[in-house]
1. Determine if segment 137-158 includes at least one residue that is crowded, with 17+ Cβ neighbours inside 10 Å, without any contact (Cβ under 8 Å) to a residue 40 or more places away in the chain and over 10 Å from the mean Cα position of the chain (by Cα).
2. Between Leu108, Leu153, Leu169, which is modelled with pLDDT under 90 and of a type in the set (A, V, I, L, M, F, W, C)?
3. Which of (1) assigned to a helix (DSSP H, G or I); (2) surrounded by fewer than 23 Cβ atoms within 10 Å (Cβ to Cβ) does Leu205 not meet, given it meets every other one?
4. Regarding Ser76, is this residue buried (at least 17 other Cβ atoms within 10 Å of the Cβ) and either outside the structural domain of Gly198 (by TED's automatic domain parsing) or at pLDDT below 95 (or both)?
5. What are the pairs with Cβ atoms under 8 angstrom where one residue, in segment 187-206, is on the phi > 0 side of the Ramachandran plot and the other, located anywhere, is crowded, with 17+ Cβ neighbours inside 10 Å and at pLDDT below 95? Sequence gap at least six, or different chains.
6. Of the residues Asp117, Asp212, which is more than 14 Å from Gly42 (Cβ to Cβ) and buried (at least 22 other Cβ atoms within 10 Å of the Cβ)?
7. Read through the list (1) exposed (fewer than 15 other Cβ atoms within 10 Å of the Cβ); (2) at pLDDT below 95; (3) in contact with a Phe, Trp or Tyr (Cβ under 9 Å, 6 or more places away or on another chain), then give the number of the only condition that Gly175 fails.
8. Take segment 109-137 and flag every residue that is closer than 30 Å to Leu205 by Cβ and among the aromatic types (Phe, Trp, Tyr).
Amino acid sequence: MRALAAGRGTRSGCVVRRGERLRHARNAEREGHEVKRLIIVGSPRSNGRSAHLAEMLFEACIDECPEDEQFLVPVSEVDVGPCIGCNACRELTELAFVDDDGNETTELRPRCVFDDDMQALYDLVDDADEITVVSPVYFSGAPAPMKCILDRLQPYFWANTRTREKRPLVLHAVGEGGDPHGYGALVSEVKSAFACAGFRLEKVLDWVGKIDANGEITGEATETTVSSSGAIPTEGADAAQPRPAATRAKLDLGARSGKKAADGKDGATARKNSNAQSSRSSAKGARGKAAARKGGRRSDGRRG
């Protein structure tokens, strides 16, 4: 009964997967309201751990929430350039949109001037009731393509006109493991950027070291609820994950490291002695020149 369709954004070529069920399964308790849920995959790889996890979440949402609409956007399949800080988005543009009551209207809002797939993603962000971000951890932060998405949310920073209650945001942090510095930067970046767009980071799920290269889940995610004060985790389970044995072997230089260190120490001692001798010679020569000048003789022994 499920229909999966590959669609395109209304403004550009943004590749969006849309999942839905026939509306006869609508939950009467929701008074006919349909939740629009957006899942953003932050990995530059289309078949990595994050992509596998996002696909499972996408399918689970379709199965468990048949009355809702699900949208899956992998950043590996969209064309979104980096923010160049031109501040053109500070200028207001008249945009057509549908308000919370379903009425079509127009409003002056800031908008990025670059005509790429981010324009379609703006529409999805505006319409979403919930957003889920699934992202790998690159040096504690977001990968470059995902960081482009976050930076391009800058127009929402200038708008500052949204009055509706902030909508929920969930972050899934994914990684092989081995980074001792955690993923606090990723959490901060996602939380800060989407807060401008009207979303509140509610919880972070730590999948680091719990999904293998084939996408198979090998452990349960550790869930962290973000407090009302905005406290966020600064260290993740990746800090406790050991590095792969092959990586340790490459980094273990053994006796060579000790020999190199000893050679370096001997070389430093030799340079120190040489510099000291040179300094003494220079000082002796300077004293000789001064004495010669005082005696009215040139430094080469002839009278001036």
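1. no
2. Leu108
3. (1)
4. Yes, satisfied.
5. Cβ pairs passing all conditions: Gly198/Tyr156; Gly198/Arg167.
6. Asp117
7. (1)
8. Tyr122
The values are calculated or read from the model by the stated rules, or taken from the named source; none is laboratory data. What you are looking at is a predicted structure, and each value in this text was computed from that prediction instead of being measured. Positions of Cβ are backbone-derived with ideal geometry, glycine not excepted, and every protein chain shown enters the neighbour counts.
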